[in-house]
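Scroll down for the structure; my scribbles are underneath it.
The values are calculated or read from the model by the stated rules, or taken from the named source; none is laboratory data. Every value quoted in this text rests on a predicted model; they were computed, and no experiment measured them. Cβ placement follows ideal geometry from the backbone for every residue including glycine, while neighbour counts extend to all protein chains displayed. For the accessible areas, the whole protein counts, side chains as well, though only heavy atoms, and no ligand, DNA or RNA atoms are used. Shrake-Rupley method; radii C 1.70, N 1.55, O 1.52, S 1.80 Å.
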Amino acid sequence: MVHSHTEALKPEMSYEVARTIHPITRWMRLLLRSKTGTFGFVILVLVALTALLSVLLAPYDPTLLNARNRLVPPFWSDGGSMAHILGTDHLGRDILSRIIYGSQITLLVSGASVIISAVIGITLGVVCGYYGGGWFDAIVMRVVDANMAIPNILFMLVIVGVFGTSVPTLIVVLGITGWIAYTRLIRAEVLSLKEREFIRAARSIGTRDRTIMRKHILPNLISTCIVVSTLSVGGNIVLEASLSFLGLGIQPPIVTWGYMLNEGRDYIATSWWIATFPGVAIAVTVLGILFFGDWLRDVFDPKAQGRR
Amino acid sequence: MKSYLLKYVLQVIPVLFIISFLVFFLIFIAGDPVALMISDNATPQQIEELRESLGLNEPFFVQYGLYMQGLLQGDFGTSFSYKQDALQIVLEKLPNTLLLGSLAMLIAIIIAIPLGILSATRQNTAWDLLISGASVIGKAIPNFWLAIMLILIFSVTFQLFPVSGSGTVMHLILPAFTLATGTAAELTRLIRSSMLEVLGQDYIRTAKSKGMSRSLITYRHAFRNCLAPVITITAMQASVIVSGAIITETVFAWPGMGQLLVKAISLRDMAVVQAVVFVSAFAIILLNFIADVAYRLIDPRIKYE
């Protein structure tokens, strides 16, 4: 995986490509050179399309109950039919349709929460790094330490226990517990960035701190932010599914992959398909994100490859 | 050494303080626990008396003061669902979680060390590709799903292990393995990259050029030198194990802290929730401290500051 795109990452090569062709084409070429990166990208596009086109793709209404069609196995098993390709659950709902609709909540919750984490985390990271060593930095870093000592899911369970569960709550909860990943990395980067000549120069000609942070520091952090965000989306998908799985996340009638697993668990001895397919959906989506995230990291920082 | 210990303790105190404040703040917002603690046909006067005796009529900071006073004396309050001291209940469950967690960690290390070394020494071969691929997949599979699949395969289909519960060693195997996979995947990746870095060093080339055997180079010269980062990350995985335990214990009905927490949250038994948060935070901090000390012992180049 690491070595498969070594060639693609020689800086002079991408530079040459950059001079002659459109950026989108250049990115596509870089992507196609990495098998895992391409795989991840394809998965992500497929999941996004599924979420957007759920209404068109799903053969049934995901909440449609059908008492006569309970626990129908997938089509290749005895008793299964093409009418329900992945079978039905204990209430006769079509599993494929539920997985298709489930992708909407998965992407909505994980995507929206990452935006919240990014805004909080990047702002704090830049400010802490820029005024490194000050009292504000000290306080934020202690909060980061405290947060590291409590696993995210524990903290989230407490918040959910207090505020109850709904889609907006869950987005906010994931958002305000996920900023740590950004703050630590970005603070470290800003600490070294601010000693560079161009920042010193800006300061020496009297540029205001706020302008330096926004115009000179922030643009240099974009690649880190993109990589962290991609990997955070994957982490949040698993966290959201874990909460829903415990029955403490998003509640029915909204369809989520985690809750499907929760329901399927009770039927594992007789109807394996109910819990299996939503799990495949989660695992494949997260795998795609990990691959794509790794590829992004390699492209942005060729030196880092092989180090992980 | 002394000043190092002192510095570490001084860093831990504000961390615990922040955690206590966050937890108190959340529970303060959660509002009145009285409704859950008292029977439905209590008179308003009884409710008022209970509120008064719990100090719930005091302003925020007075309540916080009382709460901190309790905390410092090891008093996390009384669980209304168990009618027992909350800390006591958690400490009763702690050994089960420790047993599960340490077994999982052990399995993870036993899997990760040989695989990590193998994929580094055979870099870019089929072995390496297979191991690297497996470790990415291991990271991507959520452990609650893995738990269900293991139950499906080993308990339901082959009937090798019990589905859930506790009591025998057989009950421990599936949950421990579930919990171990994520950590094993992470450690394998880390050992691989850290070995690759060490194998590129000059002293390894020297050892090779003087005709030293391959296995001696790998184990005596390379592996030892890649241990330091591995230990740090292993300790950091403690927090992953704790969060994994919450789910794994629930799926396998393993009577540990995680299962207790999930029950307590659905009952809104906040005294127990608090106690679980503190006990696990404390355990994680302690483990990180041990790792930090071990790190310095293994690598004498790092000074106590």
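Measuring max minus min along each principal axis, the C-alpha atoms of chain A give extents of 77, 51, 31 Å (largest first). Volume of the convex hull of region B:107-259 (Cα atoms only), normalised per residue: 119 Å³. Accessible area per residue for chain B, computed on protein heavy atoms with a 1.4 Å probe, is 50 Å². Please check: in the Gaussian network model of chain A (C-alpha springs, under 10 Å), which one of A:ARG29, A:ARG208, A:ARG187 has the largest mean-square fluctuation. Sorting by GNM fluctuation, first place goes to A:ARG208.
Available extension along the chain between A:ILE139 and A:SER81 is 14.8 nm, counting 0.36 nm per residue and deducting the alpha carbon span.
Ordering A:TRP272, A:TRP179 by accessible surface, largest first, gives A:TRP272, A:TRP179; the 1.4 Å probe counts only protein heavy atoms, with every chain in place.
Tell me, what % of the accessible area of region A:170-308 is carbon and sulfur with a 1.4 angstrom probe?
The computed percentage sits at 59.
When the surface is traced with a 1.4 Å probe over the full set of protein chains, B:ASP85 keeps roughly 60 Å² accessible. Placing a label point 7 Å from the Cα of A:ASP266 along the Cα-to-Cβ line, the residues of region A:86-105 whose backbone N sits under 20 Å from it are A:87-96, A:98-99. For the chain pair A and B, buried accessible area totals roughly 4200 Å², probe 1.4 Å, rounded to the nearest 100.
Once the Cα-Cα distance is subtracted from the 0.36 nm per residue extended length, the B:VAL62 to B:ALA42 segment shows a gain of 4.5 nm.
Expressed as a whole percent, the proportion of Cα-Cα pairs in region A:98-232 lying more than 25 Å apart is 35%. Based on the convex hull around the alpha carbon atoms, chain B presents an average projected area of 20.8 nm². The orientation-averaged projected area of the convex hull spanned by the Cα atoms of region A:184-299 comes to 10.0 nm². Of all the options A:PHE39, A:PHE75, A:PHE245, the one that moves most in a Gaussian network model of chain A with Cα springs shorter than 10 angstrom is A:PHE75.
Quantify how much of the Cα-Cα distance distribution of the protein assembly as shown extends past 41 Å, in percent. Taking all Cα-Cα pairs of the protein assembly as shown, the fraction more than 41 Å apart is 31 percent. A:ARG200 exposes around 130 Å² of accessible area when a 1.4 Å probe is run over every protein chain in place. A Förster radius of 45 Å combined with the Cβ-Cβ distance from A:LEU191 to A:THR165 puts the calculated FRET efficiency at roughly 0.70. Two tests apply to each whole DSSP H helix in chain B, Cα reach of 20 Å or more along its axis and mean Kyte-Doolittle hydropathy of at least -0.5, and the ones passing both are B:2-30, B:86-121, B:126-140, B:169-199, B:227-252, B:270-298. Sorted largest first by accessible area at a 1.4 angstrom probe radius, with every protein chain in place, the residues B:LYS93, B:LYS208, A:LYS35 fall in the order A:LYS35, B:LYS208, B:LYS93. Among B:ALA42, B:ALA104, B:ALA176, the largest mean-square fluctuation in a Gaussian network model of chain B, built with springs joining Cα atoms closer than 10 Å, belongs to B:ALA42.
Just to make sure I understand: if all protein chains stay in place, what is the order of A:VAL42, B:VAL198 by accessible area at 1.4 Å, largest first?
Numbers: A:VAL42 70, B:VAL198 15 Å².
Per-residue accessible area, sorted high to low, gives A:VAL42, B:VAL198.
To put it simply, the accessible area of region B:86-298 at a 1.4 Å probe is 67 percent carbon and sulfur. From helices alone, chain B scores -24500 deg cm²/dmol at 222 nm; the rule is -39500 (n - 2.57) for each run of n ≥ 4 DSSP H residues, then divide by the residue total.
Label-to-label distance, B:PHE25 versus A:LEU218, with points set 7 angstrom from Cα along the beta-carbon direction: 2.5 nm. Here the simple spin-label model places points 7 Å from the Cα toward Cβ, and for B:PHE289 and A:ARG68 these points are separated by 6.8 nm.
Once Rg and the Kirkwood radius are both taken over the C-alpha atoms of region B:225-272, their ratio Rg/Rh works out to 1.21. Comparing the full protein assembly with the isolated chain, the residues of region A:231-269 losing at least 50 square angstrom of accessible surface (1.4 Å probe) are A:PHE245, A:LEU246, A:LEU248, A:ARG265, A:ILE268.
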